[in-house]
Amino acid sequence: MLGAQIDLAAAVPPGDPQERALLEALSREPRHIDEVPRASGLPSVTLALMDLKGRVREVGGLQYVRLREKSAVYEAEAARS
C-alpha cells in the first residue's frame, strides 16, 4: 500500500500540462512503459524525469505507478494514541 493518496489536482501544479497528462495516464495499478506514451502522448523519457521527481515509481518489469503520498496516520497507530 502506498499510503493515503491526495487528489490529482493537488499533486500537480496547474501550469504543468505534461506532468498532468502523464499522471492521468497512470494509476495505482502498474502500467507498462510502452503503454504510457500511447495513453499520454508524451515520450517515455518523461517517466524517468517524473521518477526522479518522486511522482511515479517503477515497480519492476518496466511497470510504472503513480506515486503521490501525503503523510498518513494508520488506524493501528491512531488506536494507540
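Any chance you could count how many residues in segment 27-49 are not hydrophobic (A, V, I, L, M, F, W, C) and not in a loop (DSSP other than H, G, I, E, B)?
Initial filter on segment 27-49 (not hydrophobic (A, V, I, L, M, F, W, C)): 27-32, 34-35, 37-38, 40-41, 43-44, 46.
Next cut, not in a loop (DSSP other than H, G, I, E, B) only: 31-32, 35, 37-38, 40, 46.
The number of residues fulfilling the criteria is 7.
Sort out which residues of segment 1-26 are at pLDDT 85 or above and touching a strand residue (DSSP E or B) at 6+ places or on another chain (Cβ under 6 Å), and write them in order of number.
Result: LEU23, LEU26.
Looking at segment 24-55, which of its residues are hydrophobic (A, V, I, L, M, F, W, C), surrounded by 12 or more Cβ atoms within 10 Å (Cβ to Cβ) and without any contact (Cβ under 8 Å) to a residue 12 or more places away in the chain?
Answer for segment 24-55, where residues must be hydrophobic (A, V, I, L, M, F, W, C), surrounded by 12 or more Cβ atoms within 10 Å (Cβ to Cβ) and without any contact (Cβ under 8 Å) to a residue 12 or more places away in the chain: ALA48, LEU49.
Taking the conditions exactly as written (at pLDDT 90 or above and under 12 Å from the mean Cα position of the chain (by Cα)), does ARG57 satisfy them or not?
Spelling it out, ARG57 is indeed at pLDDT 90 or above and under 12 Å from the mean Cα position of the chain (by Cα).
The values are calculated or read from the model by the stated rules, or taken from the named source; none is laboratory data. Quick caveat, the model's predicted, so the values are computed rather than measured. So basically every Cβ, Gly included, is an ideal-geometry build from the backbone, and we count neighbours across all protein chains shown.
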